[in-house]
1. Please enumerate the residues belonging to segment 51-80 that are under 16 Å from Leu41 (Cα atoms) and not aliphatic (A, V, I, L, M).
2. Would you confirm whether any residue within segment 107-128 is free of Cβ contacts under 8 Å to residues at least 60 places away in the same chain, more than 18 Å from the chain's Cα centre (by Cα) and part of a helix (DSSP H, G or I)?
3. Just to verify a result, which residue in segment 27-37, among those that are among the charged types (D, E, K, R) and more than 10 Å from Ala98 (Cβ to Cβ), is surrounded by the fewest Cβ atoms within 10 Å (Cβ to Cβ)?
4. Any idea which of Lys51, Lys24, Lys13 is exposed (fewer than 11 other Cβ atoms within 10 Å of the Cβ) and farther than 19 Å from Ala98 by Cβ?
5. Do you know which residues across segment 12-40 are touching a Phe, Trp or Tyr at 6+ places or on another chain (Cβ under 7 Å) and over 17 Å from Arg95 (Cβ atoms)?
6. Provide a single number: the residues in segment 7-41 that are part of a strand (DSSP E or B) and over 15 Å from Asp83 (Cβ atoms).
7. Pick from Leu107, Leu100: which is within 20 Å of Met1 (Cα to Cα) and out of contact with any His (no Cβ under 8 Å at 6 or more places or on another chain)?
Amino acid sequence: MLTGEFEVTLDDKGRISLPAAFRKLINSEILYLTRGEDGCLWLYPPDEYEKIIDSLQAVTDPFSKVDRRALRQYGSAQCVEVDKVGRIPITQRLREFAGLSKDCVVLGQISKIEIWDENRFKDYDNNKEESELASEDISRRIKRKRGIE
């Protein structure tokens, strides 16, 4: 499980160092980096990215405009190589999408890693009303699944 929150620095060549804890768990030199939701980037180990793509293809229709957009967003991940010291390159286009500056936050999200600009993440994380609504929604789903409504 990929968990934890780490502060990292984007270097002049557009690379970040993955935390050692993540490198040990991933155990792969190739990862998949794509635009995520909420203004961050998603980084997947190969097996997890394959699961996402399989799920996406199972529920999308290439003749649907909405589905094509989803396929383009998530299916066009960059294949990135982890170098010998644990850094990954982030293309200029993806850095612009996520608004990455020098200071970044890397979050473990169980099966993937999120890469955030530090200020963008603080803004997102400080939205307590949205966090409370999400928690309430999850609580309702858990109760419904347990038959507790």
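1. Scanning segment 51-80 gives Arg72, Gln73, Tyr74, Gly75, Ser76, Gln78, Cys79.
2. yes
3. It comes out as Glu37.
4. Among Lys51, Lys24, Lys13, only Lys24 is exposed (fewer than 11 other Cβ atoms within 10 Å of the Cβ) and farther than 19 Å from Ala98 by Cβ.
5. Pro19
6. So the answer is 6.
7. Of Leu107, Leu100, the one residue that is within 20 Å of Met1 (Cα to Cα) and out of contact with any His (no Cβ under 8 Å at 6 or more places or on another chain) is Leu107.
To keep it simple, each residue is scored yes or no on (1) surrounded by 16 or more Cβ atoms within 10 Å (Cβ to Cβ); (2) modelled with pLDDT of 95 or more; (3) aliphatic (A, V, I, L, M).
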site: Gly75; (1), (2), (3): no, no, no
site: Glu81; (1), (2), (3): no, yes, no
site: Arg87; (1), (2), (3): yes, yes, no
site: Glu96; (1), (2), (3): no, yes, no
site: Asp103; (1), (2), (3): no, yes, no
site: Glu114; (1), (2), (3): yes, yes, no
site: Glu130; (1), (2), (3): no, no, no
site: Asp137; (1), (2), (3): no, no, no
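The values are calculated or read from the model by the stated rules, or taken from the named source; none is laboratory data. Because the structure is a prediction, the values reported are computed rather than measured. Neighbour counts run over all protein chains shown; Cβ positions are idealised from the backbone, glycine included.
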